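One structure is given below, encoded as structure tokens.
The values are calculated or read from the model by the stated rules, or taken from the named source; none is laboratory data. Since this is a predicted model, take the numbers as computed values, not measurements. Here Cβ is always computed from backbone atoms with ideal geometry, including for glycine, and neighbour counts include all displayed protein chains. To get the accessible areas, we keep the full protein, side chains included, count just its heavy atoms, and leave off ligands, DNA and RNA. Shrake-Rupley method; radii C 1.70, N 1.55, O 1.52, S 1.80 Å.
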Number of protein chains: 2
Amino acid sequence: MSVIQALTGELSKLPGVGTKTALRLVYHLMKGSRDDARRLAAAIREVADRIRPCELCGNFSEAELCEVCSNPRRDGSILCVVEEAYEVGAIERTGEFRGRYHVLGGHLSPLDGIGPDELRIAPLLERTRGDEGASEVILATSSGVEGEATAVYLEGLLRPLGVRVTRLARGIPVGSDLEYVDGSTLAEALAGRREM
Amino acid sequence: MSVIQALTGELSKLPGVGTKTALRLVYHLMKGSRDDARRLAAAIREVADRIRPCELCGNFSEAELCEVCSNPRRDGSILCVVEEAYEVGAIERTGEFRGRYHVLGGHLSPLDGIGPDELRIAPLLERTRGDEGASEVILATSSGVEGEATAVYLEGLLRPLGVRVTRLARGIPVGSDLEYVDGSTLAEALAGRREM
């Protein structure tokens, strides 16, 4: 049945959705109210049409500037650098960060042909000089090898500009048992131990 | 961000999709090409607008009659009764059934207020009398208690009409080890044993 096959195909392109799951979703949509399905279609359409990168930080945005960058109460002197726009949400949910963000668009990965020019690094340097004149840059790139390398690379560029460059603390996740924490994390936790 | 929240809300209504999964999907849609997202939206819209129950058997259909009912090479004298339209696909994929289908729309479940009148039973009886004049009805209702009860109830109505009433065989699933087969299935398999 053409339209059903078409939808199954589109759905199975989604992450974590195989053909079986896609079919289940299609059947759910056909069983449920037509309006629910139309609302879903409209919502997807809306996002596709209206969401774009914030021109300043690269975060998802409905306007030229995202909600963070356009919020005068956010402190432009502290920039939190993340790899992907969807990581902004995680930090925002903590409610602990009052600065602004800068989305790199990934991490350095020479093997995949992703060098400094493929990432939004120039704009970042610009923001430490420009009107914002960021005085601290928190490097929140991923804790994997590439994320680390990217952080080190950025530090090399930022330090000379006289900005404070920091990295998210590494250590034991809150509420986890020592025995389940991997060795390297434990080592970081020891190295980063603090006075009580 | 309103449109993102809206989409997240709509997506989390889908079966097996929680808020976290919904968010992941939203981000995927925002990261990926706009056209992919638009195609998905259009495909959902198409299904919502064009799929309706086949007027004869209740299967999903884009036309008055579904592909099975409108296919002259399908044998209208054998009807396979399923509870839900999405179960038709499973039987079709076997490629072993050349008859037609009849979708009940569920199974008898007095506690949920689902009695004979809530199911497409009258049309079924009609089809055993009508032009199709079905001579055999295969009861493929679910193998749970309600499905069984529904099958027994239907048999009581169909038998007097002089139609052959059959039920899908129960037994060991192909390729499964005896030790993992539950007792009642094993019992059914024994009772239904056949000459080799």
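Taking the Cα centre of chain B as origin and assigning +1 to Lys and Arg Cβ atoms and -1 to Asp and Glu Cβ atoms, the resulting dipole is close to 620 debye. Projecting the Cα atoms of B:T94, B:N71, B:I4 onto the charge dipole of chain B (Cβ charges, centred on the Cα centre) puts B:I4 farthest toward the positive pole. The residues of the stretch A:77-182 have, on average, 54 Å² of accessible surface per residue, using a 1.4 Å probe with all protein chains present. Of the beta bridges in the stretch A:74-167, as assigned by DSSP with both residues counted there, near 5 percent are antiparallel. Could you check how many percent of all C-alpha pairs in the protein assembly as shown are farther apart than 28 Å? Taking all Cα-Cα pairs of the protein assembly as shown, the fraction more than 28 Å apart is 63 percent. Working ranking of peptides B:89-101, B:34-46 by packing, defined as the average number of other Cβ atoms within 10 Å per residue, highest first, is B:34-46, B:89-101. Evaluated with a Cβ-only charge set (Lys, Arg +1; Asp, Glu -1), the protein assembly as shown carries a dipole of roughly 420 debye about its Cα centre, given to the nearest 20.
Rounded to the nearest 20 debye, the dipole size of the stretch B:74-167 about its Cα centre is 380 debye, using +1 on the Cβ of Lys and Arg and -1 on the Cβ of Asp and Glu.
Starting from the label point of B:S12 at 7 Å along Cα→Cβ, the same points in the other copies fall at 2.9 nm, in ascending order. Expressed in units of 2.2 N^0.38 Å, where N is the residue count, the Cα radius of gyration of chain A is 1.29. Around the amide H of A:C80, modelled in the peptide plane, lie the amide H atoms of A:R100, A:Y101, A:H102, A:I138, all under 5 Å away and 5 or more residues distant in sequence or on another chain. Put simply, the C-alpha atoms of the stretch B:3-50 give a gyration tensor, and the ellipsoid matching it has half-axes of 18, 15, 8 Å, longest first. Accessible surface for A:T128 stands near 20 Å², nearest 10, in the context of the full protein assembly shown (1.4 Å probe). Distances between equivalent label points of A:S135 across the copies, with each point positioned 7 Å along Cα→Cβ, amount to 9.3 nm, shortest listed first. Evaluating kT/(6 pi eta Rh) at 37 °C and 0.692 mPa s, with the Kirkwood radius of the stretch A:74-167 over Cα pairs in the Stokes-Einstein relation, gives 248 µm² s⁻¹. Accessible surface buried at the B:A interface totals approximately 4400 Å², computed with a 1.4 Å probe on protein heavy atoms. The fraction of accessible area contributed by carbon and sulfur in chain A is 54 percent, rounded to a whole number (1.4 Å probe; ligands and nucleic acids excluded). Residue of chain B with the Cβ closest to the rotation axis carrying B onto A, and that distance rounded to whole Å: B:A41, 2. Normalised by the number of residues in chain A, the mean separation of alpha-carbon contacts (under 8 Å, six or more apart) gives a relative contact order of 13 percent.
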